[in-house]
Amino acid sequence: GRVEFRDVHFSYDPNRKILKGISFEVPAGKTVAIVGPSGAGKSTISRLLFRFYDVQGGQVLIDGQDIRDVTQESLRGAIGMVPQDTVLFNDTIAYNIRYGRIGASEEDMRKAAELAQIGPFIERLPDGYKSMVGERGLKLSGGEKQRVAIARTILKAPPILMLDEATSALDSHTEQEIQAALDLVSRGRTTIVIAHRLSTVITADEIIVLQDGQIAERGTHAELMRKHGLYASMWDRQREATEAEERLRLAREGDELGVIVRRRTSEVN
Ligand SMILES: Nc1ncnc2c1ncn2[C@@H]1O[C@H](COP(=O)(O)OP(=O)(O)OP(=O)(O)O)[C@@H](O)[C@H]1O
Ligand SMILES: [Mg+2]
């Protein structure tokens, strides 16, 4: 499960280069995180690994073999993809999870849902695992859909994982649940995680900072923080946002407390 991008060049449209010579390696069982501004080309990297598109220069290799030399089926069988926006089938939630391994037992399917932190949610639905989802059924939130995709991937148990974190803001509780699910599924697997939350990347073996289709910085979290470059400034900005959120929450709680205190005081009087 070793993944290598070797001097990869790619554009969707010949007039606009998206990836301009990307090289990195993910040793088997290790985790590489890709971060960078919106539009930098992060999701494009995941699409090339899954061969939705072919590179125009350079190579993508798995265990030293060019992915153009293996069948689509064996390539996609080896990779578990949790995309930014999971599309669900207009079918039951059980079918949507089982899609990871058609023919998986009911027990395995439920176990995967539990591990992905979506089990209790499904069990509370009136029709449970038989609930219809998708356009003509239950509408799941972004976080719920992503957990269904994680359950699917747990069931598939592929040697390589490609996770593209949702861009949408998740509440911190859901975020922690998803984080726990992702940690579980990535243990011992070659993992590439495209991260929008810097909290995800701290433990990565290597972090790649992509900017405008090129690798601007690379290293561990500690190394990149010492550089005071793009990564460090992204981190500072995110910390400021988190702190502002926290202040807002505390202020709101303070207000609520004030109301309770006033009410109690008037009760006493
Ligand atoms: N199918 C497509 N056809 C043409 N251009 C595309 C296509 N998909 C993406 N692009 C362009 O390629 C660039 C890189 O897109 P990509 O999805 O890789 O960005 P990203 O780094 O994942 O951004 P984000 O953080 O917002 O998800 C963007 O400018 C986008 O407009
Ligand atoms: Mg993206």
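Do you know the relative contact order of the chain, to the nearest whole percent, from alpha carbon pairs under 8 angstrom that are 6+ apart? Intermediate values should be presented prior to the final figure.
Working: 443 pairs, mean separation 65.7, N = 269.
Computed value for the chain: 24 percent relative contact order.
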Phi to ³J(HN,Hα) by Karplus 6.51 cos²θ - 1.76 cosθ + 1.60 over region 95-105, Hz, x for Gly, Pro: 4, 5, 7, 5, 3, x, 8, 4, x, 5, 5
By average C-beta atoms within 10 angstrom, highest first, the peptides 71-78, 243-250: 71-78, 243-250
Rg/Rg_globular for region 103-222, with Rg_globular taken as 2.2 N^0.38 Å and Rg from C-alpha atoms: 1.18
Sequence-distant residues sharing a close amide H with Leu161 (under 5 Å, placed H): Gly80, Thr190, Thr191, Ile192
Under 5 Å, built H, 5+ apart or other chain: amide partners of Gly57: His9
Calculated from backbone phi, Karplus (6.51, -1.76, 1.60) coupling profile of region 35-41 in Hz, x at Gly/Pro: 10, x, x, 4, x, 5, x
Mean separation of Cα contacts under 8 Å, 6 or more apart, over the residue count of region 1-154: relative contact order %: 22 percent
log10 of Debye I(q)/I(0), alpha-carbon scatterers only, for the chain at 0.10 Å⁻¹: -0.59
Neighbourhood net charge (15 Å Cβ-Cβ; Lys/Arg +1, Asp/Glu -1) for Asp91: +4
Whole-Å distance, taken between Cα centres, linking region 81-99 and region 113-134: 12 Å
Net +/- balance of residues flanking Arg110 in space, Cβ distance below 11 Å, scoring K and R +1, D and E -1: -3
Counting DSSP beta bridges with both ends in region 129-229, the antiparallel % (nearest 5): 45 percent
Proximal lysine pairs, region 3-220, alpha carbons under 28 Å, eight or more residues apart or interchain: 19
Interchain or long-range residues, amide H under 5 Å from Thr220's placed H: Ile207
From phi via Karplus (6.51, -1.76, 1.60), per-residue ³J(HN,Hα) for region 62-72 in Hz, x at Gly/Pro: 10, 6, x, 9, 4, 5, 6, 9, 10, 5, 3
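Only the coordinates and a few stated rules stand behind these numbers; no lab work does. Keep in mind that this is a model prediction, so the values were computed, not measured. With ideal geometry, Cβ positions are generated from the backbone for all residues, glycine too; neighbour counts draw on all protein chains shown.
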